[in-house]
Amino acid sequence: MRRKDRELTGEQAWEIVDRCADGVVSMLEEDGTPYAVPVNIVREGNCVYFHSAPVGKKADCMRKNPRVCVTCVESGAEIDQPGLTTRYASAILTGTAAEVTETEEKVNALRLLCRKLAPENPYWQGDFRDCIGRTAVWRITVDAITGKANRGKQTE
């Protein structure tokens with residue numbers, strides 16, 4: 001990282017991931033064309049989970065080449081006009097995507113997503129039988145994470 005003064009620790013980068021409701025998953029199409037798509041995310045340990053339709057471009061890409069990158073940018077980034085800079089915090093994760101096929105892990109991931117995104121909705125306590133068959137869940141096992149922030153005077 002060129003700007004070492006903005007580099008975050010791994011722990012700080014994971015905290016950004018935990019605060020973000022979504023991230024952008026970047027992957028490659030079969031012909032090598034880059035493809036990126038925003039998804040809702042949740043973390044458990046060194047894994048990030050998201051759900052999707054069982055078929056489509058995203059699923060095709062990850063099945064053919066499971067190496068992915070996820071970018072998370074904390075909401076609230078703002079332009080510091082006098083300083084000609086942007087105040088932000090972000091994390092970049094690289095890892096390997098795998099479709100979750102084991103029912104218990106799939107239900108756990110869906111519960112975690114619902115609890116994070118809609119904690120007041122009791123649906124997250126359910127068993128997900130009504131959607132488990134038509135919903136794909138993906139796990140990204142993270143190999144590396146980096147974080148960077150420009151918080152101005154608030155930098156830790």
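The values are calculated or read from the model by the stated rules, or taken from the named source; none is laboratory data. It should be emphasised that the depicted structure is a prediction, and the values quoted were computed from it without experimental measurement. Heads up: the accessible areas ignore ligands, DNA and RNA and are worked out on the full protein's heavy atoms, side chains in. Shrake-Rupley method; radii C 1.70, N 1.55, O 1.52, S 1.80 Å.
The listed residues E44, E120, E74, once ranked by accessible area (1.4 Å probe) with the largest placed first, stand as E120, E44, E74.
Pairs from the list K106/K148; K64/K106; K116/K148; K64/K148 with a Cα-Cα gap above 27 Å: K106/K148; K64/K148. Over the stretch 1-65, the fraction of Cα-Cα pairs per 5 Å bin, rounded to whole percents and listed from the shortest bin up, is 3, 14, 20, 19, 17, 15, 8, 3, 0.
Three principal axis extents describe the C-alpha atoms of the stretch 5-119; from largest down they are 50, 38, 23 Å.
Classify the stretch 99-152 from the C-alpha gyration tensor, please: rounded if a/c falls under 1.5, else prolate or oblate depending on whether a/b exceeds b/c. Spell out each step's value before the answer.
Details: a/c = 3.67, a/b = 1.58, b/c = 2.32.
Oblate shape, in that a/c is at least 1.5 and b/c is the bigger or equal ratio.
With all protein chains in place and ligands, DNA and RNA left out, the 1.4 Å accessible area ranks K64, K116, K57, K106 as K64, K57, K116, K106, largest first. Rolled with a 1.4 Å probe across the full set of protein chains, the surface gives S26 an accessible area near 40 Å².
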